[in-house]
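The values are calculated or read from the model by the stated rules, or taken from the named source; none is laboratory data. Since this is a predicted model, take the numbers as computed values, not measurements. Glycine gets a Cβ as well: all are built from the backbone with ideal geometry, and neighbour counts include every protein chain shown.
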Amino acid sequence: MDITMLKKKFINRYGQSKEESGIYFAPGRVNLIGEHTDYNGGYVFPCAINFGTYLAIRKNNDNLVRMASMNFDYTAAVTPEEIQQKHEGQWVNYPLGVLNEFRKLGIAITGMDMLFYGNVPNGAGLSSSASIEIATALAINELYYAELDGIALAQLGQRAENLFVGVNCGIMDQFASAMGKKDSALFLDCNTLEYKIVPLNLNGYKLLITNTNKRRGLADSKYNERRSECEQAVEYIRKVKDIKLLGEITESEFYLIEKHIPDENVKKRARHVVTEIKRTVDAVEALNAGDLEKFGALMNGSHDSLRDDYEVTGPELDTLVEEARKVLGVIGSRMTGAGFGGCTVSLVDEKQVNTVIQKVGKNYTIRTGLKADFYVAGIGDGAKLIERF
Ligand code: GLA
């Protein structure tokens, strides 16, 4: 990203000022394994990527919070009192939701000039929205001396998305954006928020992200539907075991009590969750032991479970995964994020990356009529101040 360009556009739009300005960055994320486990109190294993959202920001004396983006035409200029009003269907709800959460903490938000620029593909399941939330949260935290730590910023971002934007997401995306570490993944227990930073020693392998370029229509309503199916599973299980979240039962316990779940769909959803939590623990163990083949096999198992039991993949994601697995040098391939479109992530021998791109790209277009985009993932740090000017 060309920071000079962002600064120039910021000054062009808002003019010069004596007030100090800052540029903040928060990344998107790719989840390696542990999908649809976060809101069930399970484990996830995401890493922050080099794509994200940049925010140029400074306080003004006009009592107006001005928001603009280099990616979208829509702009907003609201008084601090108007922060709590939603702008139906607009991107500004992400930063507004964050400002509103700071207000609830007693921070007196004043006028500000804000210009966003994002390079995470939108709606691709790489957490463009979490990156806007966390870039905003980090900037406000510093500008108003709120002194929240990274985990508190992630939680604040999640509340903004749940309460203001209205998407009932878990903590994974905001956590990865706020807390990510270069060349590492985060092994996070979403129940306790305890986490370990695990170095990604991929020894000659690369993480290849592939975008289906299928917009995730209906994703939010289907996402909320899956969440309520998990809650129903908990209700059934509570008749025999006192639990609050599916993550509290192990896979072997599940097979003993699954007969108490009469609804076949609900049973399948629960089976995905408990097996995925186990796969995530096993995958981190395999990675720590340097067993990449096993890690890849667990990624494959994750996708198959999301396809058959959780039913959140769809033809585009399944086609990409099938085609990737056919190519020599791909040792694991799965969907990443919420599903219903978006991206896959594959573990690929670095010498084969170009062949994979060429073969998968060609066959995907033949089979779906869509064109896939490929990115070799650079694993970067979590949110940070880039510079003051
Ligand atoms: C979305 C949500 C996350 C998580 C994933 C599925 O990315 O924002 O909280 O639930 O889907 O693992």
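Summary of computed values
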{"quantity": "Test result for residue 192, part of a strand (DSSP E or B), closer than 29 Å to residue 288 by Cα and not aliphatic (A, V, I, L, M)", "calculated": "no"}
{"quantity": "Where residue 356 falls short, out of the listed (1) of a type outside the set (Phe, Trp, Tyr); (2) surrounded by fewer than 19 Cβ atoms within 10 Å (Cβ to Cβ); (3) not in a loop (DSSP other than H, G, I, E, B)", "calculated": "(2)"}
{"quantity": "Neighbours by Cβ (under 8 Å, 6+ apart or cross-chain): first from segment 23-47, over 19 Å from residue 382 (Cβ atoms) and touching a residue at least 40 places away in the same chain (Cβ under 8 Å); second charged (D, E, K, R) and within 11 Å of the ligand (Cβ to nearest atom)", "calculated": "33/276; 35/276; 36/226; 36/276; 37/276; 39/227; 42/276"}
{"quantity": "Any hit, segment 99-120, residues being within 14 Å of the ligand (Cβ to nearest atom) and farther than 24 Å from residue 43 by Cα", "calculated": "yes"}
{"quantity": "Unique residue being assigned to a helix (DSSP H, G or I), of a type in the set (A, V, I, L, M) and in contact (Cβ under 8 Å) with a residue 60 or more places away in the chain when the list is 98, 120", "calculated": "98"}
{"quantity": "Filter pass, residue 179 being over 30 Å from residue 351 (Cα atoms) and away from the ligand (no atom under 12 Å from the Cβ)", "calculated": "yes"}
{"quantity": "Filter pass, residue 78 being in contact with a helix residue (DSSP H, G or I) (Cβ under 9 Å, 6 or more places away or on another chain), of a type in the set (Val, Ile, Thr) and within 16 Å of the ligand (Cβ to nearest atom)", "calculated": "no"}
{"quantity": "Every residue from segment 188-220 that is surrounded by 23 or more Cβ atoms within 10 Å (Cβ to Cβ) and farther than 30 Å from residue 367 by Cα", "calculated": "188, 190"}
{"quantity": "Candidate set from segment 123-168 (those that are out of contact with any strand residue (DSSP E or B) (no Cβ under 8 Å at 6 or more places or on another chain), outside any helix (DSSP H, G or I) and at pLDDT below 95); member that is surrounded by the most Cβ atoms within 10 Å (Cβ to Cβ)", "calculated": "123"}
{"quantity": "Test: residue in segment 25-43 that is away from the ligand (no atom under 16 Å from the Cβ) and surrounded by fewer than 19 Cβ atoms within 10 Å (Cβ to Cβ)", "calculated": "no"}
{"quantity": "In segment 1-55, the residues that are of a type in the set (D, E, K, R) and more than 22 Å from residue 303 (Cβ to Cβ)", "calculated": "2, 7, 8, 9, 13, 18, 19, 20"}
{"quantity": "Residue check, residue 110 modelled with pLDDT of 95 or more, closer than 17 Å to residue 83 by Cα and within 17 Å of the chain's Cα centre (by Cα)", "calculated": "no"}
{"quantity": "Residue in segment 337-347 that is farthest from the ligand (Cβ to nearest atom), counting only those that are in a strand (DSSP E or B) and more than 16 Å from residue 287 (Cβ to Cβ)", "calculated": "344"}
{"quantity": "Verdict on residue 386 being within 30 Å of residue 11 (Cα to Cα), among the aliphatic types (A, V, I, L, M) and more than 16 Å from the ligand (Cβ to nearest atom)", "calculated": "yes"}
{"quantity": "Among (1) surrounded by fewer than 17 Cβ atoms within 10 Å (Cβ to Cβ); (2) under 14 Å from residue 36 (Cα atoms); (3) in contact (Cβ under 8 Å) with a residue 40 or more places away in the chain, the one test that residue 268 misses", "calculated": "(1)"}
{"quantity": "Matching residues, segment 59-94, being in a strand (DSSP E or B), of a type in the set (Lys, Arg) and either surrounded by 21 or more Cβ atoms within 10 Å (Cβ to Cβ) or in contact (Cβ under 8 Å) with a residue 60 or more places away in the chain (or both)", "calculated": "59"}
{"quantity": "Hey, residue 8 basic (Lys, Arg), in a loop (DSSP other than H, G, I, E, B) and assigned by TED's automatic domain parsing to the domain that holds residue 127 or not", "calculated": "no"}
{"quantity": "Selection count where residues are touching a residue at least 40 places away in the same chain (Cβ under 8 Å) and within 19 Å of residue 75 (Cβ to Cβ), scope segment 10-22", "calculated": "5"}
{"quantity": "Inter-residue pairs, beta-carbon under 7 Å, first modelled with pLDDT of 95 or more and in segment 231-260, second assigned to a helix (DSSP H, G or I) and basic (Lys, Arg), 6+ apart", "calculated": "233/269; 251/278; 254/271; 258/267"}
